[in-house]
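J.: Can you keep this structure in mind? I'll have questions shortly.
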Amino acid sequence: MSRVPESFYFYKAQLQRAKEEKERLKKDYEAKIDNLNNEISFLKEQIQAQHTMIEQSVDYVMKLEQQINSFNFELSNE
């Protein structure tokens, strides 16, 4: 039976470290992507809330304009 060269063990250990580093980097990357997705979701919620607030404000302004026009019409008919 032939003996395994010493360099084999060196490269085997290097390969194992590289695989571990790759896995660690993959986990870090996934964690960062999850954080970004959470932040994007939060920002989407904020934008939607602002959009709703603007819609409600525009509706309120339109109702006020209608009331003013109605009052002006009533005053002009008196």
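The numbers here are math on the coordinates, done by the rules we state, and not lab data. Predicted model, so just to flag it, every value in this text is computed and none were measured. Because the Cβ atoms are built from the backbone with ideal geometry, glycine has one as well, and the counts that use them run over all protein chains shown.
J.: Mind giving me the nanometre distance, one decimal, between the label points for residue 17 and residue 37, set 7 Å out from Cα along Cα→Cβ?
T.: 3.3
J.: With θ set to phi - 60° and the Karplus curve 6.51 cos²θ - 1.76 cosθ + 1.60, what are the ³J(HN,Hα) couplings of the range 5-16 in order, to the nearest whole Hz, using x for Gly and Pro?
T.: Calculated HN-Hα couplings, in order: x, 4, 4, 4, 5, 4, 5, 5, 5, 5, 4, 5 Hz.
J.: Specify which labelled value, from [x] 0.98; [y] 1.76; [z] 0.92, agrees with Rg/Rh (Cα atoms, Kirkwood Rh) derived from the coordinates of the model shown.
T.: [y]
J.: While we're here: Per residue of the range 65-73, what does 6.51 cos²θ - 1.76 cosθ + 1.60 with θ = phi - 60° give for ³J(HN,Hα)? Whole Hz please, x for Gly and Pro, Karplus curve as stated.
T.: 4, 5, 5, 4, 4, 5, 5, 4, 5
J.: Would you calculate a helix-derived [θ] at 222 nm for the chain, using -39,500 (n - 2.57) for each DSSP H run of n ≥ 4 and dividing by the full residue count, to the nearest 500?
T.: Calculated mean residue ellipticity at 222 nm is -35000 deg cm²/dmol.
J.: In the chain, which chymotrypsin sites (Phe, Trp or Tyr not before Pro) are in a loop and have at most 16 other Cβ atoms within 10 Å, using DSSP for the loop call?
T.: none
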